[in-house]
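The values are calculated or read from the model by the stated rules, or taken from the named source; none is laboratory data. Note that this is a predicted model, so its numbers are computed, not measured. Ideal geometry is used to build each Cβ from the backbone, glycine not excepted, and the neighbour counts take in all protein chains shown.
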Amino acid sequence: MLRNMLISAFLLAAFAVAAASLVGLTHLGTRERVEANERQALVEALHALVPAERHDNDLLDARTQVIDPLLGSRRAVPVYRARQGGETVAVILAPVAPDGYSGDIHLLVAVNADGRLAGVRVTAHRETPGLGDLIEAERSDWITRFTGRSLGNPPEERWKVRKDGGDFDQFTGATITPRAVVKAVANALRYVAAHRDELFAPEAQQTAVPQETAQ
């Protein structure tokens, strides 16, 4: 009986080692493909805001990271510079709206050199299906209405949803979600305005954007 138990234990251990090895090999074999797919998805999302014909550089190679309370996260968030002939024509930030109905709403906010928005997109959220998810470009055109706006259009004090006395629509039965997005986009514009010289300096003159510690 002892001999049978030892054989069973040995076979079980061998099976566990084989299974673990197979999982490891599968992970190694697919990791590069997953990373390539994620990179391509990010590039497509960035190009939806700043099309490839507007810049001649690789946006992912022109990536830096910044920390600032205006960007809604205690962690560093990426900023991508779109350049044409060495001149920065737009920047794309990835701020967070931390006060969504169901938690963080992750965004891409593209700002042209003239301070106008090239576009805004939501990249991740957990808002209520059928209500809060109308912030997705695939669900409604609400998010596209930021394009062309700036801190002066509308005036800065009107960067709110209509229910709060601002110029932006809220959703029927869901005000918290659009309120959070409008606030986050306005804060991203404020960040860009405060760091314009560093963000839009010509490539040869660019230095790191000052880092601030989130409070």
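From the set of residues in region 173-202 that are without any contact (Cβ under 8 Å) to a residue 40 or more places away in the chain and of a type in the set (Val, Ile, Thr), which is farthest from Gly119 (Cα to Cα)? Applying the filter and picking the extreme gives Thr175. Tell me, please, whether a residue that is surrounded by 14 or more Cβ atoms within 10 Å (Cβ to Cβ) and part of a helix (DSSP H, G or I) can be found in region 113-132. Among the residues of region 113-132, at least one is surrounded by 14 or more Cβ atoms within 10 Å (Cβ to Cβ) and part of a helix (DSSP H, G or I), which makes the answer yes. Within the span defined as region 168-177, one or more residues are part of a strand (DSSP E or B) and closer than 27 Å to Ala82 by Cβ. Do you know which residues across region 80-109 are closer than 13 Å to Arg121 by Cβ, touching a residue at least 40 places away in the same chain (Cβ under 8 Å) and of a type outside the set (Gly, Ala, Ser)? Answer for region 80-109, where residues must be closer than 13 Å to Arg121 by Cβ, touching a residue at least 40 places away in the same chain (Cβ under 8 Å) and of a type outside the set (Gly, Ala, Ser): Ile92, Leu93, Pro95, Ile105, Leu107, Leu108, Val109.
Just so you know, in region 78-92 the residues that are part of a strand (DSSP E or B) and more than 16 Å from the chain's Cα centre (by Cα) include one that is farthest from Ala48 (Cα to Cα), and it is Glu87.
Yes/no matrix, rows are residues, columns are (1) more than 27 Å from Gly130 (Cβ to Cβ); (2) among the hydrophobic types (A, V, I, L, M, F, W, C); (3) touching a Ser or Thr at 6+ places or on another chain (Cβ under 6 Å):
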position: Glu157; (1), (2), (3): yes, no, no
position: Asp167; (1), (2), (3): no, no, no
position: Gly173; (1), (2), (3): no, no, no
position: Val182; (1), (2), (3): no, yes, no
position: Val185; (1), (2), (3): no, yes, no
position: Tyr191; (1), (2), (3): yes, no, no
position: His195; (1), (2), (3): yes, no, no
position: Leu199; (1), (2), (3): yes, yes, no
position: Glu203; (1), (2), (3): yes, no, no
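Screening Thr213 against (1) modelled with pLDDT of 95 or more; (2) farther than 14 Å from Gly100 by Cα; (3) of a type outside the set (Lys, Arg) leaves a single unmet condition, (1). Any idea which residue in region 30-77 is farthest from Thr147 (Cα to Cα), counting only those that are part of a helix (DSSP H, G or I) and among the β-branched types (Val, Ile, Thr)? Checked region 30-77; the qualifying residue farthest from Thr147 (Cα to Cα) is Thr30.
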